[in-house]
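In what follows, a structure is listed as structure tokens, so that the remarks can point back to it.
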């Protein structure tokens, strides 16, 4: 599932490609990917330009010139491609927004969606989300306060979008490995040094993910050299050597999530 670094990468790249451009055509191949009737969606979105693109947690918000918004969540397996018809991937397209002879293809939206909403409705959708972990105002003090009086496993807490917005299964494994903390360790068992290390690891891993364009395998456009440069340390690397201590990486299920870690150097 695309997480904070992937969606931030999409936001940055798409901003340079489509902001200010007019949507000349709309095609909906899967009605369940949108939230209003196809005719209404098409009529309201076509011939509008993209005013801004912002990210919140794992969502992108495309603000249109009339003030309405397209709220995107790719969920599990969703991705995008921007380019000409002859360059598109050989995959089923659920939604296509055209900008003249170039198009933004939404692919793999089996669980994901592109909803047409008012700004107020978007704010309501985001009402329960926690703080952004890479926000410059989200300090170590704010993190320590957030962790106070919480219970349960640290892995489960990191992926809880009402606690922290944007971290998912992949980067939570990376953060805990970097902080040398076991994923099933209880939050109330962490000392101040471990909480500080966890915060610093969260900043390091997410910024590394941003710098390297996230982990998405598919490029956003032909010639895209930014997307997908991040290589996981432990996530999805069961049986491989831990990059730090060379012990084998193991996998366990925690809160129904496949979790990868090193039993030797995470404590």
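Since every read-out is calculated from the coordinates, none of them should be taken as a lab result. Bear in mind the structure is a predicted one, so any value in this text is a computation, not a measurement. Cβ sites come from the backbone with ideal geometry, for glycine too, and all protein chains shown count toward neighbours.
Can you compute the FRET efficiency between residue 184 and residue 121 using 1/(1 + (r/R0)^6), with r the Cβ-Cβ distance and R0 = 51 Å? Round to the nearest 0.05. Calculated value: 0.85. Placing dummy labels 7 Å off each Cα toward the beta-carbon, the span from residue 110 to residue 222 is 2.9 nm.
Mean residue ellipticity at 222 nm, helices only, the chain: -8500 deg cm²/dmol; runs of at least 4 DSSP H residues each add -39,500 (n - 2.57), and the sum is divided by the number of residues. For the chain, the longest principal axis of the alpha carbon atoms and the long axis of helix 4-18 meet at an angle near 30°.
For the pair residue 31 and residue 139, the difference between a 0.36 nm per residue extended length and the Cα-Cα distance amounts to 34.7 nm.
Compared with the dominant principal axis of the Cα atoms in the chain, helix 192-211 is inclined by about 30°.
Its residue count N fixes a reference of 2.2 N^0.38 Å for the range 4-125, and the Cα radius of gyration divided by that reference is 0.95. Relative contact order of the chain: 17 percent, from C-alpha pairs under 8 Å at least 6 residues apart in sequence.
Straightening the chain between residue 263 and residue 236 buys 8.2 nm, computed as 0.36 nm per residue apart minus the Cα-Cα spacing. Computed from Cα positions, the angle between helix 169-179 and the longest principal axis of the chain comes to roughly 30 degrees.
Take every DSSP beta bridge whose two residues both sit in the chain, then give the antiparallel share in percent to the nearest 5. In the chain, DSSP labels about 95 percent of beta bridges as antiparallel. Please work out whether the range 68-123 counts as rounded, prolate or oblate from its C-alpha gyration tensor, where a ≥ b ≥ c are the square roots of the eigenvalues and a/c under 1.5 means rounded, while otherwise a/b larger than b/c means prolate and anything else oblate? Since a/c reaches 1.5 but b/c is at least a/b, the shape of the range 68-123 is classed as oblate.
Put simply, when 32-39, 210-217 are sorted by average Cβ atoms within 10 angstrom per residue, most first, you get 210-217, 32-39. A straight line joining the Cα centroids of the range 125-157 and the range 35-90 runs 29 Å.
Between residue 150 and residue 193, residue separation times 0.36 nm minus the direct Cα-Cα distance comes to 13.8 nm.
Each peptide in 65-74, 90-99 was scored by the mean count of other Cβ atoms within 10 Å over its residues; highest first, the order is 65-74, 90-99.
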